């Protein structure tokens, strides 16, 4: 039996997800499912959760996003 979920996302997040799905030539729904149904038990950041103080309240859940943003910012600086 299939279930439905309605998500409300900020426009910029939606556009990032959509662009990523289009680059892989898959539907947005497929992209979201494939990227959120993994087993994260081998995440190397897991060992630091609860041991690092931060002003960023959601870093434990979104650390991969923050790392990706930092990497992209560095790529932009290098190419400028």
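The values are calculated or read from the model by the stated rules, or taken from the named source; none is laboratory data. This one's a predicted model, so the numbers in the text were calculated from it and none came from an experiment. Because the Cβ atoms are built from the backbone with ideal geometry, glycine has one as well, and the counts that use them run over all protein chains shown.
A few notes on this one:
- For the stretch 24-51, the set of residues classified as modelled with pLDDT of 85 or more and more than 16 Å from the chain's Cα centre (by Cα) consists of 25, 26, 27, listed by residue number.
- Conditions (1) surrounded by 10 or more Cβ atoms within 10 Å (Cβ to Cβ); (2) at pLDDT 85 or above: number failed by residue 12: (1)
- Filtered residues of the stretch 61-80 (kept if loosely packed, with under 12 Cβ neighbours inside 10 Å and modelled with pLDDT under 75): 61, 75, 76, 77, 78, 79, 80
- Test: residue 58 is under 13 Å from the mean Cα position of the chain (by Cα), at pLDDT 70 or above and loosely packed, with under 11 Cβ neighbours inside 10 Å: yes
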